[in-house]
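*Asks:* Encoded as structure tokens, here's the structure I'll be asking about.
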Amino acid sequence: MPAETESDDVTRERIRSRTSAEAFCEMVAEEAGTFTTEEARKRFLTLLEFRIAELGGSIVESSPATPSVEPTKYRPMDAAEARRFERTEMTFGVHAGKQIKDVPLGYLDFIDEDEFRWKLHRYLKSKRVHKERETE
């Protein structure tokens with residue numbers, strides 16, 4: 001039985017999406033290079049990552065019928081994401097230089113830093129952290 005081939009329309013759409021994505025990445029790299037400090041460049045890229053996650057559906061708006069819920073609700077990280085994030089190095093504060101996994105959870109709860117707040121929020125909602133809190 002011959003392998004199924006994609007239609008010409010699907011092929012054209014696939015090529016167009018790749019070409020558009022590559023052009024966008026070039027534009028982002030060029031824009032990121034305009035920042036004068038590493039901190040500003042990282043902030044730009046982190047905010048861009050957040051917006052892409054939002055567009056991709058990883059971050060969903062909460063219902064307006066639940067005003068007690070934060071305006072934006074983040075899905076918890078899965079176990080693999082949590083393990084990767086735990087290796088992220090703190091770049092500020094009294095725990096600067098330590099990996100997230102080595103920073104007390106109480107300290108992480110108080111961090112309100114735009115550069116990784118959305119990732120931190122998802123990490124704190126992960127099953128991995130939930131289990132650790134149950135044993136405290």
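Residue-wise test of (1) without any contact (Cβ under 8 Å) to a residue 60 or more places away in the chain; (2) surrounded by 10 or more Cβ atoms within 10 Å (Cβ to Cβ); (3) out of contact with any Phe, Trp or Tyr (no Cβ under 7 Å at 6 or more places or on another chain); (4) in a helix (DSSP H, G or I).
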position: Ser17; (1), (2), (3), (4): yes, yes, yes, yes
position: Ser20; (1), (2), (3), (4): yes, yes, yes, yes
position: Cys25; (1), (2), (3), (4): yes, yes, yes, yes
position: Ala29; (1), (2), (3), (4): yes, yes, yes, yes
position: Arg43; (1), (2), (3), (4): no, yes, yes, yes
position: Phe50; (1), (2), (3), (4): no, yes, no, yes
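*Asks:* Go through the range 56-97 and give me each residue that's charged (D, E, K, R), surrounded by 15 or more Cβ atoms within 10 Å (Cβ to Cβ) and modelled with pLDDT of 90 or more.
*Replies:* Glu86
The values are calculated or read from the model by the stated rules, or taken from the named source; none is laboratory data. This one's a predicted model, so the numbers in the text were calculated from it and none came from an experiment. Glycine also receives a Cβ, built like all others from the backbone with ideal geometry; neighbour counts cover every protein chain displayed.
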